[in-house]
Every structure is written in C-alpha cells, then in structure tokens.
Amino acid sequence: MRRTFYLALIAAAVILGWRFLAMGSKQDAAMAQVPTAEVERGSLVVTLPVTGALESAEETPVRSEIAGTLVQICDDNLEVKPGDFIYQLDTKDLVDQRAELEQALTDAQEALNTTEADSQTEVTQAESDAVAAEESLKLAEEKAQAEREKIDAQVRFTEGQTARARREFERSQRLAELNYIAGTKLRQAEKTYRAEEFALEQVRVQQADTIKSTAEQLEDEQSANALALHALDTAKANARADPEDARIRAADAQRKLDDVDKKIAQCTVTSPATGMAVIETNTENWPERRPYRLGDQVGAGVAPVTVYDFTHMRVRCQIGEMDISRVHQGQEALVLSSAQIGKRYRGKVVVVEELAQESNVWEGGTPGKKVFGILVTLDETDPAYLRPGMTVDLEIVLDSVREATMVPIRAVYKEDDRSVVYRPRGTRFEAVPVTVGKRNDLMVEVRGDLKVGEPVALERPPAEPGKTEGAKP
C-alpha cells in the first residue's frame, strides 16, 4: 500500500511539473510574439504635415514684343540658358510690308521735286486746330480742378467719420474692460470702425485714381495742344518750302521701314534667363485649355513660354482653420519629395495669408472648407529632384524638445486614469506609469521610471493567467 501511495504521489508531482513547464513555455512564447522598441533620448520635433506644390521663386515670362502667329516653339520643360531659341513668329506679312515701305520711301524721295500745294489753306486749318486744342486744354484744366476738389472734400468727410468711429471703438474698449457693456457691442463698434477704415482706404484710392486720371487727361490735352502747335509750325514750314515736307515724309518712311526691320528681328525670341522653359496654357482657347502650339496667335506682351529658375524654389500650400493658429512667419519647415526618399530640404515660412478662402473643389478641395494660403521658401534645393509643379510633403516645425525621453506613440496605453507603458520583467510584462508630454506623428515624450535603451511593448501584452486585459492604447 505504501508503495502504491508513493508511486501515485510521484506521478502527481510529474504531472504538475509538466503543466508548470508548459505554462512557462507558453508564457515565454507569448512574450516573444510581442514586438518591442527601445526607450530613446534625443530631440523630439513636433511638426504639422501638409501637402504643397513646388514652384520657382524666380519666373521669367518670355513675352512677345509684337503680335503674331507661332510657327516654331521649343520643347516643353527644356533646360535653357540666355540666348537659347524659345519660339518663332511668322514674318511673311512683315516681309511684304517691308517691300511696300521701300517703295514708299522711294516715292517720298522723288516728291522732293514736286510743286508747292495749297500751303495757305493748310496754315489756316492748322491755326484753327491750334485754337481748338488750347480751348480744350483750358476746359480740361477746369474739369480736373473740380474733380480734385470734390474728391478732396469726400476724403476729409470720410476721415472725420473714421475718427469718430475710432473714438467710439476706443470708448467701447474701455467700457468693455470695466464690464459696462457686452462683448457684442464692442465687436459691433470694432466692426463699424474697421468698415470706416476700409471706406477711407477706398476713397483714398479713388482720390489717387482721380489725381492720376486727371493728370493723364491733362497730359493728353497738353500733348494734343503741342501736336496742334507742331502742325501749325509744320504748315508754315510747308508754305515756305514744299521740299521740306517731302523730306519729312521720306524720314517717316525710313522710320517705318526701320520699325518693320525691328519687328522682323523680334519675331525670333530667345531666352532671357537660365532655367526650365515651360509652355504656358493658351487661355484664348477656353474651354479647351491646352498649351500653346504651332498656328496659335500670340498677342503683344503675351508670354507663351515661361522660364522657371529651379535653383531657387518655394512651396505653396493650404492650411485648414483648425491648424492656422499654430503657423506663423519664420517657422522652420522641412520639405520631402517622393523623388528622393529620406532627403529633407530645409525651408522657412515667409507668408501666412490673413484671409481665409474656400478650398477649390476642382483642385481636390473639400466643398465649404475654409483654408489659408502658406508660402515656404527653401534654403536649399536640388534641380535634379525638385522641379516646379511637383507635389511635395511639407512638415512645418511647431515645437521641439532637445533632450526628451520618448517612446513610440503605440507603446503608451491608458489604464484606468493613468498612462502606462509595458516593459518585460522575467516571464511577464509590468505596467510602468508615465506622464505624457509633447508628441509628433510617431513618438511621444514620457516621464517616469524608464531607462534609455530598455524595451517597451508595441502591442498590448497578453494578460497573466487569472487576470483580464484592462489597458487601452
């Protein structure tokens, strides 16, 4: 009987030991499956990620000095330097015009031998035109004076209105500070003051426009009067010597011929700068909206091609209403391009627009969403990877902690009313209470009983036997 009892006791001990080893192996296997990361110490940078579009900080439109038809144009996105060919306009009509002007010059030179014609009639007509021009000039001067006096009075009146609104606003501020009036009344006073300020700016703009327009009118009348006097002198000169008029016509024919030669030369357009030549959209073909091509008409002053300097780049992007208060001029920014993985270009926020605009649905915006425009200039660039028009990722640096103890965000969990991380201890994980600080998209600053380099769990570890999982990430 004793022998049987001892054998049963030994068997039970073996079974319990086997179960204990199995449970330990299972726990070790479960711990091995939990990914971990080390506690780090270093600089924690808090950024605001946005998407923007690269553009050249220096753009040189290659404008046409004259109107014409495109008969040749360079390749799109072509790297050029000063003097390189950009586009060619049709010269056929100009060449034909030149032949006509050459004949006109010959006729003018032959007219030196013609007889005098109705010189006295020309002088009389010229004198009448000069009197009319002088009267028109005096009338223009009187009209200009009246318009300026009127706008000056309007400016003085608006200045008085603005001053009264400002005083009322300042008074409302003082009363609001003493809680004598409601905030809505203060805002109304401020709104009235800003409206009067805007009205004053507008009327001052009108005043400047009036001064400019009246000056231009007077200048035109003075020019017309000068031309009339010049015509009178010319008529008197013609009365004295008809050959002089012929010489004037010859000189005019020569000038026109020179102008045509200049236009023929202007039909060949070259690059004024170094950069990338981009063919622009021909807006005259709405709604087709296609780039300029051969056969298109180019107006005087129009630039069918723009040369972009891709050695000086900037990024234009949009920030939503929730984040705009965190962005200001002078903040550092990091630019990342999918064309160069891992490379970050440093930049600086130089423009933060004050006026919100509705995002453009045609450009992928959300209907009704208000956004603010942001402009970032790059301190460095690489023409091989950064080109105008590319979409880039932008990280605006909002804050940073130089010496931060940090872990991945996914390593911090909520357990009851506290934040914890799990670190391995033997065959289990223990919860370490931490205080959470600043964070970015990947890492979070923590303060607690943690050492740099020790591992923490990136997934919630399995619960110990007999316990339930209660922590939440």
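The values are calculated or read from the model by the stated rules, or taken from the named source; none is laboratory data. All of these numbers come straight from a predicted model, not from anything done at the bench. Cβ placement follows ideal geometry from the backbone for every residue including glycine, while neighbour counts extend to all protein chains displayed.
A few notes on this one:
- Number of the exception - residue 359 against (1) in contact with a Leu (Cβ under 9 Å, 6 or more places away or on another chain); (2) surrounded by fewer than 18 Cβ atoms within 10 Å (Cβ to Cβ); (3) touching a residue at least 40 places away in the same chain (Cβ under 8 Å): (1)
- Only one of 37, 53 that is over 25 Å from residue 255 (Cβ atoms), touching a Leu at 6+ places or on another chain (Cβ under 6 Å), modelled with pLDDT under 95 and of a type in the set (Gly, Ala, Ser): 37
- Any pair with Cβ under 8 angstrom, 6 or more apart, that starts in the range 41-58 at a residue that is within 11 Å of residue 316 (Cβ to Cβ) and ends at one that is exposed (fewer than 15 other Cβ atoms within 10 Å of the Cβ) and of a type in the set (Gly, Ala, Ser): 53/389; 54/389; 55/389
- Only one entry in 403, 321 is free of Cβ contacts under 8 Å to residues at least 60 places away in the same chain and exposed (fewer than 14 other Cβ atoms within 10 Å of the Cβ), namely 321.
- The single residue among 164, 204, 174 that is touching a Ser or Thr at 6+ places or on another chain (Cβ under 9 Å) and either not in a helix (DSSP H, G or I) or not polar (S, T, N, Q) (or both) turns out to be 204.
- A single member of 450, 375 is in contact (Cβ under 8 Å) with a residue 60 or more places away in the chain and in a strand (DSSP E or B), and it is 375.
- Residue in the range 268-289 that is exposed (fewer than 14 other Cβ atoms within 10 Å of the Cβ), in contact with a strand residue (DSSP E or B) (Cβ under 6 Å, 6 or more places away or on another chain) and of a type in the set (D, E, K, R) present: yes
- The number of residues in the range 69-83 that are in a loop (DSSP other than H, G, I, E, B) and surrounded by fewer than 15 Cβ atoms within 10 Å (Cβ to Cβ) comes to 6.
- Exactly one residue among 151, 86, 66 is in a strand (DSSP E or B) and more than 23 Å from residue 231 (Cβ to Cβ), and that residue is 86.
- Restricting 102, 159, 134 to those that are within 30 Å of residue 200 (Cβ to Cβ) and touching a residue at least 24 places away in the same chain (Cβ under 8 Å) reduces the list to 159.
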